[in-house]
Structures are given as structure tokens and as C-alpha cells.
Amino acid sequence: MTRLALDERFPAETLDDDVWFPYYLPHWSSREAAAASYAVRDGELRLSIPVDQTLWCADLHPEPLRVSVIQSGSLAGPLGSTQGQQPFREGLRVREEQPTLLGYTPRYGHIEARMRGVVTERSMFALWLSGIEDEPAHSGEICVAEIFGSGVRDGTAEVGLGIHRFRDPRSEEAFSVLSLPVDVSESHTFAVDWRAASVTFSVDGQSVHRIEQAPDYPMQLMLGVFDFPDRAADPEAVAPVPEMVVSYISGTPLD
């Protein structure tokens, strides 16, 4: 049965495995190698990248990357197949078979999350929706908020948002970076109203951007924090542990 709404306020000390898959695209590596570092406590989800966390897909990804992500869906083909969500280069094949999860995969709706983060010039945190790729063309993304530490200033942040078309021939690339008066160390509510022909983005209840197109297939939620070691100004410096803290995330149908 397809879940029509989500109201996740993290009441327990673990994630609901009927909804969440705490691995980042593990079909291209393995669940062990792609497992998120996270904790659920005091009604909040805390995703982090501790100093001893290893690189993700170190032998294949073009840039060194460490990541902690949870997904509300996962879909990939059998071992050795080329069917898998979000291929990041040509010729990728499934290295480990994964269970299919369609925990929350809406087609249109109001999606919002209240979140904050700790990031430096080498890290970022993000919330986005990604096509479940039951067909290769169903691969577009709606980026609700993407915040790099390099774009954070006192009381303001550069917030990336919009649509990435990827392998969706019916979409157009429409991604923007807006300078907004948000302190990312404090919680803010980031949201989208996703309708059949438009996506409207808001922050703390105020509309900030609108796009007159929209993906028209089921998408999964993805929340995560990323670390790019090669982007450090001083590779020898000890950077703060990147962290993303989510107080709640919800999704409801729109009239």
C-alpha cells in the first residue's frame, strides 16, 4: 500500500525501517560501506560524519567523498546489472543486491523539514527528492535545500534549490543559489509545494522561489550530510564534525 502522508518526528531511539533506509546508494558499493552515521535522541535525527568514517565508493567516485544519508526508498537491479538509482558515472554495475523499499514515495505534495547543520568549507547538508527510477527517465531531482559551508556567513547562507534533470528528457535543468537571511546553526523550516506543473520553494513559511515545471513520477526523500576532504583549505587542520540535525519531516497531499 502506498503511503500518502508522512509525519516523522523521531519519537523512538531508532529509525522506522518501514520508512527509512539508512544507506547511501549501497547498490554501487555495499550496505556496510554506505551506512549512515546517525543517532535519534530527544526527538531529533542527527546525521554526522565522524573523523574515522571512510570514503564512499573510494575506487569509483571521481572526488573523495564521505557521506551520511537516509533515504525513504531504494530500488536496484540484481547483482551485476546496470539498474540502480543515481549512477554517478558510466558503466556502473550493482555490486551488492539490495532490498526494495518504497517507504514514502509521493507523487506531488507539500514536503517540509525543520533542520539545522554544522558545516565548514569542505562540507554541506541537504534535503532533496529523487526519482525512484522504476524507469531510467524517472531520475530527476527536486532539491529543497542544499547548503555548503563555503556559502555560510554571519546570519546568511547561500541555499541551493531547484530541479536537476539528470536522465529525465522531459525536464529542464533549473537550479538556483539564493542568498537568504538564515543562520544554519539554528533550525529553519525548508519546504516545497510540488504540483503537476510547478514547484514552489519556501523557507520559514515565506515563498522564495517558483519553477514552472515539475517531475511527474514518484520520488523518495533523501536527507544527508557530505564531506569533501580535498576542499579543505588546510588538509592538516582538524575540522568540526559535519552534522545535520532534523527535528521533523512531513509530507502531505495537496488539493
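Values in this text are rule-based calculations from the coordinates and carry no lab data. Everything numeric here is computed off the predicted structure, so don't read it as measured data. Methodologically, a virtual Cβ is constructed for each residue, glycine included, from the backbone with ideal geometry; neighbour enumeration extends over all protein chains shown.
Quick notes on this one:
- Taking the convex hull of Cα positions in the chain, its mean projected area over all directions (nm²): 13.3
- From largest to smallest, the equivalent ellipsoid semi-axes obtained for region 105-255 from the alpha-carbon gyration tensor read 27, 17, 13 Å.
- Spin-label proximity, residue 185 to region 232-250 - amide N less than 16 Å from point 7 Å beyond Cα toward beta carbon: 239-245
- Between residue 196 and residue 82, the C-beta separation translates, for a Förster distance of 35 Å, into a calculated FRET efficiency of about 0.70.
- Rounded to whole numbers, the Karplus 3J(HN,Hα) couplings from phi for region 59-72 are 8, 10, 6, x, 10, x, 8, 10, 8, 10, 9, 10, 10, 9 Hz, using 6.51 cos²θ - 1.76 cosθ + 1.60 with θ = phi - 60°, and x at Gly and Pro.
- Only helices enter this figure: runs of n ≥ 4 DSSP H residues, each worth -39500 (n - 2.57), summed and divided by the residues of the chain, yield 0 deg cm²/dmol at 222 nm to the nearest 500.
- Here the relative contact order of region 6-252, from alpha carbon pairs under 8 Å that lie six or more residues apart, stands at 26 percent.
- For residue 139, the residues whose modelled amide H falls within less than 5 Å of its own, excluding neighbours fewer than 5 places apart on the same chain, are 167, 168.
- Residue 71 long-range amide H proximity, modeled H, under 5 Å: 21, 23
- Sequence ranges 62-73, 81-92, ranked by mean other-Cβ count within 10 angstrom, highest first: 62-73, 81-92
- As a proxy for reagent exposure, ranking 246, 238 by other Cβ atoms within 10 Å from fewest up yields 238, 246.
- Cα→Cβ-extended label distance, 7 Å offset, between residue 13 and residue 252, nm: 3.2
- By the count of neighbouring beta-carbon atoms within 10 Å, fewest first, 152, 177 end up ordered 177, 152.
- Neighbour counts of C-beta atoms inside 10 Å place 148, 228 in the sequence 228, 148, starting with the fewest.
- Over all pairs of different C-alpha atoms in region 1-103, the reciprocal of the mean inverse distance, the Kirkwood hydrodynamic radius, equals 14.8 Å.
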